[in-house]
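Taking it in order: structure first as structure tokens, then the write-up.
The values are calculated or read from the model by the stated rules, or taken from the named source; none is laboratory data. Small disclaimer: the values here were computed from a predicted structure and weren't measured. We place every Cβ from the backbone using ideal geometry, glycine too, and count neighbours over all the protein chains shown. Each accessible area value is taken on the protein alone, full model and side chains, heavy atoms only, with ligands, DNA and RNA left out. Shrake-Rupley method; radii C 1.70, N 1.55, O 1.52, S 1.80 Å.
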Amino acid sequence: MTSLNSHGLRFAFGTLTVLPVRVTRWDRATARAGMLCAPLAGFVVGLLAAALGSLSLLAGPGPLLAAVASVAVPAALTRGLHLDGLADTADGLGSGKPAEDALRIMKQSDIGPFGVITLLLVLLAQVAVLFELYGQGWAHGALGAVVAAVAARLALTLASRQGVPAARPEGLGATVAATVPAGRALLAVVVTVALCAAAGALLGPYAALRHALAVLGALAAAELLLRHCVRRFGGVTGDVFGGVEETAATAALVVLTLGT
């Protein structure tokens with residue numbers, strides 16, 4: 001079990017980040033452990049995003065540059081993979097074509113108008129929200145960046161649960177699809193929500209509730225996209241996972257600004 005957990009951590013960081021981690025096993029059991037460890041990868045990504053954003057704010061340029069820095073870090077640490085998946089998913093859904101044709105569009109290397117517009121709006125939303133959070137102080141912005149990154153990767157854990165099929169027989173989507181037992185996925189949600197609420201409590205009791213709701217809101221938005229993609233494409237792909245991740249991150253940030 002210890003060995004599997006170690007390989008799972010390698011799988012999570014090796015597939016969800018560009019950090020120098022060597023993936024030594026590539027099978028369903030490792031994929032299951034890896035997707036359960038996905039929030040940990042999100043935590044590290046979030047910490048690095050928060051660190052750069054906070055340093056930018058404390059250096060004096062202001063909350064806008066800090067927000068841009070915190071958005072840039074996750075993109076850089078994934079080589080834009082999740083953003084590319086979001087754009088491809090938007091192109092596939094926006095095409096209005098049957099599943100087979102839509103999947104073919106998603107697999108093309110270029111990005112269509114639906115993808116460009118979606119990327120632009122999502123990145124603007126993320127920067128706008130983090131601008132508001134950093135405007136309240138570096139701790140608010142930093143914690144927002146961390147919670148958004150964790151919630152985004154937790155959405156990938158849920159998207160990998162049993163009962164959610166793969167749309168293709170090959171690729172990362174097929175490797176991780178339906179690997180995580182529903183009970184373990186639910187446990188990951190409970191633990192993550194509790195930890196994010198505890199972190200939010202450092203900013204006050206109301207902040208604890210808001211950060212817990214941010215994670216739940218992120219998962220709800222991601223689930224809506226996931227179900228729509230399963231209906232349209234017949235299952236999930238690596239691109240869908242990217243779209244789910246970015247949708248969850250954006251939704252978490254938006255919820256954090258509600259009532260502030």
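For residues that are open to solvent by 20 Å² or more (accessible area, probe 1.4 Å) and closer than 16 Å to A188 by Cβ, scanning just segment 5-36, find the one that is modelled with the lowest pLDDT. I'd like the intermediate steps shown before the answer.
To start, the set of residues in segment 5-36 that are open to solvent by 20 Å² or more (accessible area, probe 1.4 Å) comprises 5-7, 9-10, 13-15, 18-29, 32, 36.
If we keep only those that are closer than 16 Å to A188 by Cβ as well, we get 5, 9, 32, 36.
Numbers: N5: 74, L9: 90, R32: 94, L36: 95.
Result: N5.
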**OP:** Might you check whether a residue that is touching a helix residue (DSSP H, G or I) at 6+ places or on another chain (Cβ under 7 Å) and closer than 19 Å to T237 by Cα occurs anywhere in segment 58-74?
**Re:** no
Subject >> Selected residue (only one of L55, L47, L64, L40 is open to solvent by 20 Å² or more (accessible area, probe 1.4 Å), more than 21 Å from the chain's Cα centre (by Cα), over 30 Å from F114 (Cα atoms) and modelled with pLDDT of 95 or more) >> reply: L55
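So is A178 modelled with pLDDT under 95 and aliphatic (A, V, I, L, M) or not?
Working: modelled with pLDDT under 95: yes; aliphatic (A, V, I, L, M): yes.
The answer is yes for A178.
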Original post:
Are there any pairs, at least 6 apart or on different chains, whose C-beta atoms fall under 8 Å, with the first in segment 101-115 and within 14 Å of R168 (Cβ to Cβ) and the second modelled with pLDDT of 90 or more and open to solvent by 60 Å² or more (accessible area, probe 1.4 Å), and if so, which?
Top reply: I105/K97
Original post:
Which residue out of G80, G96 is surrounded by fewer than 18 Cβ atoms within 10 Å (Cβ to Cβ) and either closer than 22 Å to G144 by Cβ or modelled with pLDDT of 95 or more (or both)?
Top reply: G80
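Could you please let me know if R22 is in contact with a strand residue (DSSP E or B) (Cβ under 6 Å, 6 or more places away or on another chain) and either in a helix (DSSP H, G or I) or touching a residue at least 12 places away in the same chain (Cβ under 8 Å) (or both)?
Details: in contact with a strand residue (DSSP E or B) (Cβ under 6 Å, 6 or more places away or on another chain): no; either in a helix (DSSP H, G or I) or touching a residue at least 12 places away in the same chain (Cβ under 8 Å) (or both): yes.
So R22 does not fit the description; no.
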